[in-house]
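Scroll down for the structure; my scribbles are underneath it.
Any read-out appearing in this document is the output of simple, stated calculations on the displayed coordinates, not a laboratory observation. Predicted model only: the values in this text are computed from it and were never measured.
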Amino acid sequence: MKLRIKGNSLRLRVSRSEVARLLAGDCLEETIYFAPETGAKFTYALRQEASLSRPAVQYAEKRVVILMPTDQAIAWGVTDQVGIAENIGLGNLGSLGLLIEKDFACLDRNEEDNEDTFPNPNADTTCLA
């Protein structure tokens, strides 16, 4: 799982095996460490939640959890749907843009770099000069 933070937005890119794990009910979780101290870390996670009707974000000390409604996660995981987007209201602070998408193979990378990605829908197109 890859996390991109830009401005007030979060973008998660999820590999094929991670989508399968998510659909099986697993919580996907990654941690990045910034220094040798065990507390110098940030954790992000993605899981499905049956009680939700829209994606949501929970934040607690050094940890953000992105929650997807179960029915939406299943529909996304078993179809050609690329992603799920949501703008989450933050009151006076504006909104948080959230995008959860399948991780597609990069067209300019080797097979090792593209391992466990979804086939890129543009793989068979030719660039015109």
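Annotation: lysines with alpha-carbon distance below 25 angstrom to K41 (same-chain offsets under eight excluded): K2, K6, K62.
Taking all Cα pairs closer than 8 Å and separated by 6 or more residues, the relative contact order of the range 15-75 comes to 27 percent.
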